[in-house]
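I have placed the structure first, in the form of structure tokens, so that the comments after it can refer back to it.
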Amino acid sequence: MQARYFSEKIVEWYDLNKRNLPWRHTKDPYKIWLSEIILQQTRINQGLPYYKKLVSEFPTVNELASAPEKKVLRLWQGLGYYSRARNMHACAKEVVNHFNARFPKTSEELKRLPGIGEYTAAAIASISFNEQVAVVDGNVFRVLSRIFGVDTPINSPEGKEQFTTLANKLIGKGSPAIHNQAVMEFGALHCKPKNPLCTTCVFQTYCMANKHGLQSLLPIKIPKTKSRNRYLYYFVLLRNGSIMMNHRNGKDIWQGLYDFYLIEKNRFSVPEKLINDDPFLKKLMPTASSMSTSKRYTHILSHQKIQSKFTVLQLSKKPESVSGSLRFYSIKKVKELPKPALISRFLHDFRLL
């Protein structure tokens with residue numbers, strides 16, 4: 001199949017079937033960048049409200065760059081992968097401080113900014129600045145793998161190079177912006193991971209997967225490593241209508257967010273034993289007027305499976321000394337703090353917020 005034919009047919013399909021999404025009505029690199037960062041590892045129906053919220057709160061890159069990180073993380077809350085939000089904030093500052101609030105126009109320059117990789121750089125450069133560079137994401141891998149019968153693993157160095165080369169050969173010379181969006185949309189809506197719409201496909205007679213019944217096998221991906229189990233035991237300390245929160249500053253999950261006093265173990269344990277073995281909690285127990293323990297919560301992250309329990313202690317007296325990252329906050333303030341989804345779930349279940 002000739003590159004020109006592929007591009008023309010997929011753009012024709014796109015013109016008839018594309019979804020009406022706000023970032024498709026602009027070439028503003030700030031808004032294109034924002035949408036791409038949000039939609040990394042996030043479905044459109046989940047990411048769309050966040051896009052609208054962030055654009056409303058920060059209409060320009062200047063306003064995002066000058067916002068406190070805490071506010072950015074709070075607006076991001078619920079999307080997960082919080083490093084995206086931190087990189088987004090850092091990138092905005094870089095654009096403002098070093099590029100006079102104007103995004104670079106080439107994919108090579110864009111890749112030097114925090115949080116912008118090959119895919120995002122190509123998307124911004126092609127859509128906003130008409131650079132002839134192909135976007136290669138999961139949808140593009142799937143479409144090209146099936147139509148052209150490419151069985152090189154998509155998550156191998158060889159596969160990434162092969163698919164990137166092929167995608168750049170196929171990109172239409174007229175409008176790389178429309179071509180790239182067309183291929184991605186075709187993968188999302190038509191050449192889906194499961195139950196692709198092969199009987200109405202514009203490439204039905206050319207598609208190698210359709211000819212040989214390989215739709216469920218392509219694309220090929222090397223299996224990921226097994227996820228790690230973590231056992232987090234939280235102690236929720238309450239006093240006079242306030243809650244003790246911990247600001248997570250270490251290089252671990254949920255950096256910059258707020259949770260509670262935490263003891264992590266490498267296996268299941270019981271709160272009573274943990275309290276007895278922990279000097280800080282053991283000293284607090286005489287001032288605890290009540291104690292209750294939650295059900296077990298399971299929270300799945302990439303490569304990590306979190307098993308958590310929450311023990312709520314109502315204190316009659318303020319602890320004599322606590323570490324710098326722990327302090328009491330009013331209920332109103334706790335609502336405003338950026339928190340992991342796991343912590344928000346617990347607070348809602350226990351009607352603490």
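Looking only at region 16-35, which residues are under 20 Å from the mean Cα position of the chain (by Cα) and under 13 Å from SER126 (Cα atoms)? Talk me through it step by step, then tell me what you get.
Within region 16-35, the first condition is being under 20 Å from the mean Cα position of the chain (by Cα), and the residues that meet it are 21-23, 29-35.
Hits for region 16-35 are PRO29, ILE32, TRP33.
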ARG4 fails exactly one of (1) under 19 Å from LYS169 (Cβ atoms); (2) surrounded by 14 or more Cβ atoms within 10 Å (Cβ to Cβ), namely (2)
When every residue in region 265-287 that is in contact (Cβ under 8 Å) with a residue 12 or more places away in the chain, of a type outside the set (S, T, N, Q) and farther than 18 Å from VAL236 by Cβ is compared, the one surrounded by the fewest Cβ atoms within 10 Å (Cβ to Cβ) is ARG267
The condition of being of a type in the set (Gly, Ala, Ser) and touching a residue at least 60 places away in the same chain (Cβ under 8 Å) holds, among SER290, SER323, SER344, only for SER344
Does any residue of region 9-32 turn out to be among the charged types (D, E, K, R), assigned by TED's automatic domain parsing to the domain that holds LEU166, part of a helix (DSSP H, G or I) and touching a Ser or Thr at 6+ places or on another chain (Cβ under 8 Å)? no
Of the residues in region 329-349 that are closer than 21 Å to ARG86 by Cβ and of a type in the set (D, E, K, R), the one that is surrounded by the most Cβ atoms within 10 Å (Cβ to Cβ) is LYS339
Within region 200-235, of all residues that are farther than 11 Å from ILE147 by Cβ and aromatic (Phe, Trp, Tyr), the one surrounded by the most Cβ atoms within 10 Å (Cβ to Cβ) is TYR233
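Does ALA90 satisfy being surrounded by fewer than 19 Cβ atoms within 10 Å (Cβ to Cβ) and outside the structural domain of PRO338 (by TED's automatic domain parsing)?
Values: surrounded by fewer than 19 Cβ atoms within 10 Å (Cβ to Cβ): yes; outside the structural domain of PRO338 (by TED's automatic domain parsing): yes.
Yes; evaluated as a whole, the condition is true for this residue.
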Subset of region 300-328, residues buried (at least 18 other Cβ atoms within 10 Å of the Cβ) and of a type in the set (Lys, Arg), comes to LYS309
Scanning region 31-80 residue by residue, those of a type in the set (Asp, Glu) and surrounded by 17 or more Cβ atoms within 10 Å (Cβ to Cβ) turn out to be GLU36
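Just to check your reading of the model, which residue among LYS93, LYS70, LYS53 is part of a helix (DSSP H, G or I), touching a Leu at 6+ places or on another chain (Cβ under 7 Å) and over 25 Å from GLN132 (Cα atoms)?
Values: LYS93 fails: touching a Leu at 6+ places or on another chain (Cβ under 7 Å); LYS70 fails: touching a Leu at 6+ places or on another chain (Cβ under 7 Å).
Matching residue, one of LYS93, LYS70, LYS53: LYS53.
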Filtering region 145-168 for residues that are touching a residue at least 40 places away in the same chain (Cβ under 8 Å), in contact with a Phe, Trp or Tyr (Cβ under 7 Å, 6 or more places away or on another chain) and either in a helix (DSSP H, G or I) or more than 15 Å from LEU217 (Cβ to Cβ) (or both) leaves a count of 1
Taking region 159-198 and the residues there that are farther than 26 Å from THR106 by Cβ and surrounded by fewer than 18 Cβ atoms within 10 Å (Cβ to Cβ), the one that is farthest from the chain's Cα centre (by Cα) would be CYS198
Exception for VAL136 within (1) assigned to a helix (DSSP H, G or I); (2) surrounded by 15 or more Cβ atoms within 10 Å (Cβ to Cβ) falls at (1)
Given (1) at pLDDT 95 or above; (2) closer than 24 Å to GLN304 by Cβ, TYR81 misses just (1)
Given the structure, is LYS194 part of a helix (DSSP H, G or I) and either of a type in the set (Lys, Arg) or outside the structural domain of ARG19 (by TED's automatic domain parsing) (or both)? no
Within region 214-259, residues among the aromatic types (Phe, Trp, Tyr) and not in a loop (DSSP other than H, G, I, E, B) come out as TYR231, TYR233, TYR234, PHE235, TYR258
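Go through region 260-344 and tell me which strands (runs of 3 or more DSSP E), entirely inside it, have 3 or more residues that are over 25 Å from the mean Cα position of the chain (by Cα) and either under 25 Å from ASN249 (Cβ atoms) or of a type in the set (Ser, Thr, Tyr) (or both). Explain how you work it out, then say what you get.
On the way: elements: 261-265, 288-293, 297-301, 304-315, 326-330.
In region 260-344, 261-265, 288-293, 304-315, 326-330 are the strands (runs of 3 or more DSSP E) which contain 3 or more residues that are over 25 Å from the mean Cα position of the chain (by Cα) and either under 25 Å from ASN249 (Cβ atoms) or of a type in the set (Ser, Thr, Tyr) (or both).
The values are calculated or read from the model by the stated rules, or taken from the named source; none is laboratory data. In this text, all values refer to a predicted model and were calculated from it rather than measured experimentally. When we count neighbours, we look across all protein chains shown, and the Cβ atoms used for this are built from the backbone with ideal geometry, even at glycine.
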